[in-house]
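Scroll down for the structure; my scribbles are underneath it.
Please treat every number below as a calculation from the coordinates, not as lab data. These numbers come from a predicted model, not from an experiment. Because the Cβ atoms are built from the backbone with ideal geometry, glycine has one as well, and the counts that use them run over all protein chains shown.
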Amino acid sequence: MNTNVVMSLGTTCAISWLVAYIGIIWRGFKDKSFGVPVTAISANISWEFIYAFVYEPFGDYLHVLTIPWLILDIPIAVQCFLYGPKDFDSPFIKKYFRILFPLAIAIAFPLVLMGFYEFHDPAGEYTGFGLNFMMSLLFIAMLLRRDSIYGQSIYIAISKWIATLFAYLATAVEALTNFEHPFPNFQTFIPDVISHQTYPLTPMINFMYLVTFFADILYIVLLYQKIKGMNINPWTRF
């Protein structure tokens, strides 16, 4: 693989996620809400801890870059814990949310860990793109359920989309290059990506990313329309 290109793409992914996380934290405290769906934050904080410190810890640059994500996920989880009860109509969830949320993390952690081992996923491709796949759908569901823009901004949505795009491009370049061919053939890049069969770029990963790509665009459009419908300029709401 072309290490320099893969690292550049992966670093762009990492920076874009950091921008999204900082935006989520900012909006969360400003709106007194939380910006990541409960299931998503439970799985996300589990994945980041496992990838950084448990499954081949410090294995490469991306394992190290995962640590800042994990650090920023802590205040996001705190926001979820603080503001979560008021976000739901169910009396049961309101009453027991602060028990249910840690329980969700306790369930997510072994599931994600088993995913790494059972899918033989050293690069975190199945687990990472699977988590992104779920997260993208949950962001749409959260926006529609809340019918509000609490904890959300157009910059968060776009940063997530960019981060996942560059994660996928890094995976594709890693899969399609080697020492003899350090750069992909741009004329056949898309067909080569689609037809690739082996890890880290499998048909399942391709499908999950395809759905994620369009789900993220749908979320951006829905959020933009919702913010505009409230007579707020989406680009001035950080």
*Report, ordered by chain and residue number, the aspartates and glutamates lying within cross-link reach of LYS86, taken as a straight Cα distance under 14 Å and ignoring same-chain residues fewer than 8 apart.*
ASP31
_Can you compute 3J(HN,Hα) from phi for each residue in segment 113-129, using the Karplus curve 6.51 cos²θ - 1.76 cosθ + 1.60 with θ = phi - 60°, rounded to whole Hz and x for Gly and Pro?_
4, 5, x, 4, 6, 6, 8, 6, 10, x, 8, x, 6, 4, 5, x, 6
_Output wanted: per-residue J couplings in Hz (rounded whole) for segment 61-77, from phi through Karplus 6.51 cos²θ - 1.76 cosθ + 1.60, θ = phi - 60°, x for Gly and Pro._
4, 6, 4, 5, 5, 6, 4, x, 4, 4, 4, 6, 5, 5, x, 5, 5
_Per DSSP, loop GluC sites (Glu not before Pro) in segment 124-190 with at most 12 further Cβ within 10 Å_ = GLU180
*Within straight cross-link reach of LYS226, meaning Cα distance under 12 Å, which aspartates and glutamates are found once same-chain residues fewer than 8 apart are removed?*
ASP147
*Order of TRP17, TRP235, TRP47, TRP26 - criterion: other Cβ atoms within 10 Å of each residue's Cβ, fewest first*: TRP235, TRP26, TRP17, TRP47
*Find the centroid of the Cα atoms in segment 110-171 and in segment 58-99, then give the distance between the two in whole Å.*
14
*Longest segment of the chain lacking trypsin sites (Lys or Arg not before Pro) that sit in a DSSP loop with at most 15 other Cβ atoms within 10 Å*: 33-236
*Relative exposure of THR202, THR66, judged by other C-beta atoms within 10 Å (fewest first)*: THR202, THR66
*Take every Cα pair under 8 Å in the chain that's 6+ residues apart, average their separations, divide by the length, and report that relative contact order as a whole percent.*
31
*Along the charge dipole of the chain, which of LEU176, PHE49, TYR117 sits closest to the positive end, that is, farthest toward it, with unit charges on the beta carbon of Lys, Arg, Asp and Glu (+1, +1, -1, -1)?*
PHE49
_Cα-centred dipole magnitude for the chain, charges only on beta-carbon of K, R (+1) and D, E (-1), debye, nearest 20_ = 1380
*asked:* Residue by residue through segment 210-226, what is 3J(HN,Hα) from phi via Karplus (6.51 cos²θ - 1.76 cosθ + 1.60, θ = phi - 60°)? Round to whole Hz and write x for glycine and proline.
replied: 4, 5, 4, 4, 6, 5, 5, 5, 4, 4, 4, 5, 4, 5, 4, 5, 5
